[in-house]
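A quick write-up on the structure given underneath.
Every number in this text was worked out from the coordinates using simple rules, so none of it is lab data. All of these numbers come straight from a predicted model, not from anything done at the bench. Because the Cβ atoms are built from the backbone with ideal geometry, glycine has one as well, and the counts that use them run over all protein chains shown.
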Amino acid sequence: MNKSAIFYHPAFLLHDTGPHPETAARLNSITGYLKKAPFASQLAWPSFNPASYEDITAIHSAGHFSHVRNVCQTGGGYLDADTVVCQDSWEAALLAAGAACSAAEGALGGEHKTAFCAVRPPGHHAEAARAMGFCLFNNIAIAARKVTRGGQARRVAIIDFDVHHGNGTQHAFYDDPSVYFVSLHLAGHYPGTGWEGETGEGEGAGTTMNLPMEAGSGDADYLYLLERHVLPALDKYRPELILLSAGFDAHVADPLGGMAISTEGYYQITRAITGLADEVCGGRVVSVLEGGYNITALGESARAHVRALLGM
């Protein structure tokens, strides 16, 4: 029987954002749906450690690390116009990055084949020296760099299907051929990056793929782009691990999205990706939560996503 690991810590709930779309209720919904799912007995909930200074500064500047820590430890506040922290956000941010690292290392080490990191704060907008878009540290980028620099993997693919472009992740690996970054997102939406001509530079030329999409795109549109562009490119690239920036804000019911993916669509998208993973990297897929702001749709979509990770 397949098992999937769920990386979660109650400290994530203490990242208090006040009246903000990115709230603790998001994780309460996800964990509630997973614990009541018919496949709940097939889920492991491992413990893990916070990311280290070295882990985080492999992606972010030392100044950014210190700035986020200092704002949190002096009582919190706004890191940018829409990114707010409290004192407890520091522990949550270190644990969110640590969850992604542990999940990636565990998949490559054979502890589990698939994993879902139910974490907050999210990460894919965080730049080397800037918090933005609800994100403090770039969880998925930190994990990818940890396993490539550490020698556990020579090639890692990141597929980002959040409705917003993963600008921070793209910038981290734009000239790095050891990470192939793919993003499917609403064209021209926040943060305004991710156009088709952005394909990497230097040694990383050709290892960034952006697929900007029209508003209202749904299941069939995403599956078409996956089958036509993403899966063939990654089949050729042969990653040893696939990481997913799993944003569920392209759901038809999401208040911030403008897209039309159904709950079942997230299952189908995930199954398409796990099918590729079975062929190229021993089925190793690690998913890290990004967006998703309709609380019910988020919980239902995450449950469908994990069901697909289990191969059901």
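Structure above, values below:
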| item | result |
| --- | --- |
| Derived scalar couplings ³J(HN,Hα) [the stretch 41-46; Karplus, 6.51 cos²θ - 1.76 cosθ + 1.60; whole Hz; x for Gly, Pro] | 5, 9, 10, 9, 10, x |
| Sum of side-chain charges, GLU290 neighbourhood, beta-carbon under 9 Å (Lys, Arg +1; Asp, Glu -1) | -3 |
| Distant-in-sequence amide H partners of LEU79 (H built 1.01 Å from N, under 5 Å) | VAL84, VAL85 |
| Phi to ³J(HN,Hα) by Karplus 6.51 cos²θ - 1.76 cosθ + 1.60 over the stretch 281-287, Hz, x for Gly, Pro | 9, x, x, 7, 9, 10, 10 |
| Gained length - ALA25 relative to ASP82, 0.36 nm times residue gap less alpha-carbon distance | 18.7 nm |
| The stretch 10-70: radius of gyration and largest Cα-Cα distance (Dmax), Å | 16.0, 46 |
| Helix-derived mean residue ellipticity, 222 nm - over the chain, DSSP H n ≥ 4, -39500 (n - 2.57), to 500 | -11500 deg cm²/dmol |
| Residue-by-residue Karplus 3J(HN,Hα) for the stretch 256-267, coefficients 6.51, -1.76, 1.60, Hz, glycine and proline x | 10, x, x, 10, 9, 5, 8, 4, 5, x, 5, 4 |
| Sites GLN73 and GLU279, calculated FRET efficiency, Cβ-Cβ separation with R0 51 Å, nearest 0.05 | 0.65 |
| Kirkwood Rh in Å, taken over all unlike Cα pairs in the stretch 63-119 | 12.7 Å |
| Point-to-point label distance, TYR224-GLU264, nm (Cα→Cβ direction, 7 Å offset) | 1.9 nm |
| Nitroxide proxy distance, nm - points 7 Å out along Cα→Cβ at ALA215 and ALA187 | 1.3 nm |
| Simple Cβ-charge dipole of the chain, Lys/Arg +1 and Asp/Glu -1, about Cα centre, in debye nearest 20 | 920 debye |
| Surface/4 estimate of mean projected area, convex hull on alpha-carbon atoms of the chain, nm² | 13.6 nm² |
| Net charge, ARG238 excluded, C-beta distance under 14 Å - Lys, Arg +1, Asp, Glu -1 | 0 |
| Distance between modelled label sites at ALA233 and GLU196, nm, 7 Å Cα→Cβ extension | 1.2 nm |
| Length gained when the stretch GLU203-SER52 is fully extended (0.36 nm per residue, less Cα-Cα span) | 51.6 nm |
| Of THR114, SER183, GLY197, farthest towards positive along the dipole that unit charges on Lys, Arg, Asp, Glu beta carbons give the stretch 4-309 | THR114 |
| Rg ratio (alpha-carbon, reference 2.2 N^0.38 Å) - the stretch 229-312 | 1.10 |
| Under 5 Å, built H, 5+ apart or other chain: amide partners of PHE7 | PHE116, CYS117, ALA118 |
